[in-house]
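Undergrad: Here it is: the structure, laid out below.
FYI, it's all coordinate maths here, none of it is from the lab. Being a predicted model, the structure only gives us computed values, none of them experimental. In this analysis, Cβ positions are derived from the backbone assuming ideal geometry, glycine residues included, and neighbour counts consider all displayed protein chains.
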């Protein structure tokens, strides 16, 4: 009885709610600070003088403000060309991957399709069995002949098994009556997909778009494998990585003597690395807020059942 009275006591319930919300807000605030501090620290280091940054102790505000790190990174004549290649690659890869993967997911979600289980199993096996780097390189460069071309960024990434499973699971949660009523009205499969399924799948498609866009924007290893000898096809990530490696090598040579270190420009690998991180992450950080509400809904609903 005492437990029942305690549970229904208005004063006790009010204090429990206050304690819960206080603890919850404090925990979320702490989590936000832990997550946000490395980002602000990286931004502060990127805007700090390179020689001063070697002393350490920079928190979330530059101690000696300087733009030399950004000038050093953006001074490369190919940086804007690489930026255009990365943007074109990200947009085209995201659009084609989303289109083809969602259409495949819709086909494999139809229960009347007799081969859907077999084809789904074949696709899932590719997630566990991989031929390796050398066979993939030989396939893309020699068999398909995509080496030293822009399409090497697009063709191998047009279908994603993981994204297909996510979209397929989302579609399976939609009422079958929607598709059946459209077919009664005489709609074909393409019309059903474009006018009924695709609009309802906007949350999960936004989630998949974010996955693909982040992966395409951050990718650099395929450039290293297939287009290292074509500066006009270098992506921004690859160019920045090469810039960081060059800066590190120059720093190692200059660090051999105190006089050489004193004669260096006010940039160091520490500030260059921070500037490269900010430049690389900024486009995704600008896009993410517009997709955040779809990201949470699409990911949660798309993982209800397999």
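Undergrad: Say R0 is 45 Å: what FRET efficiency, to the nearest 0.05, do residue 65 and residue 28 get from their beta-carbon distance?
TA: After rounding to 0.05, the efficiency reads 0.90.
Undergrad: Return a whole-number percent for the relative contact order of the chain, with Cα pairs under 8 Å and 6 or more residues apart as the contact set. Could you put the intermediate results ahead of the total?
TA: Numbers: 303 pairs, mean separation 90.1, N = 306.
Relative contact order comes out at 29 percent.
Undergrad: In what sequence do 115, 98 fall when counting other Cβ within 10 Å, fewest first? Before the final figure, lay out the partial values.
TA: Values: 115 10, 98 22.
With the sparsest Cβ surroundings first, the list reads 115, 98.
Undergrad: Quick check on the chain: helices-only [θ] at 222 nm, where DSSP H runs of length 4 and up contribute -39,500 (n - 2.57) each and the sum goes over total residues. Nearest 500, please.
TA: So the calculated ellipticity at 222 nm is -22000 deg cm²/dmol.
Undergrad: For a footprinting-style exposure proxy, rank 60, 165 by other Cβ within 10 Å, fewest first.
TA: Final ranking by Cβ density, sparse to dense: 60, 165.
Undergrad: If I take R0 = 45 Å and measure r between the Cβ atoms of residue 150 and residue 18 in this structure, what FRET efficiency does the formula 1/(1 + (r/R0)^6) give, to the nearest 0.05?
TA: The pair residue 150/residue 18 has a calculated efficiency of 0.15.
Undergrad: From the square roots a ≥ b ≥ c of the eigenvalues of the alpha-carbon gyration tensor of the chain, which class results: rounded (a/c under 1.5), prolate (a/b over b/c), or oblate?
TA: oblate
Undergrad: Roughly how far apart, in whole Å, are the Cα centres of segment 156-219 and segment 53-95?
TA: Cα centroid to Cα centroid, the span is 35 Å.
Undergrad: Please report 234, 224 as a ranked list, fewest other C-beta atoms within 10 angstrom at the top and most at the bottom.
TA: Listing 234, 224 from fewest to most nearby Cβ atoms yields 224, 234.
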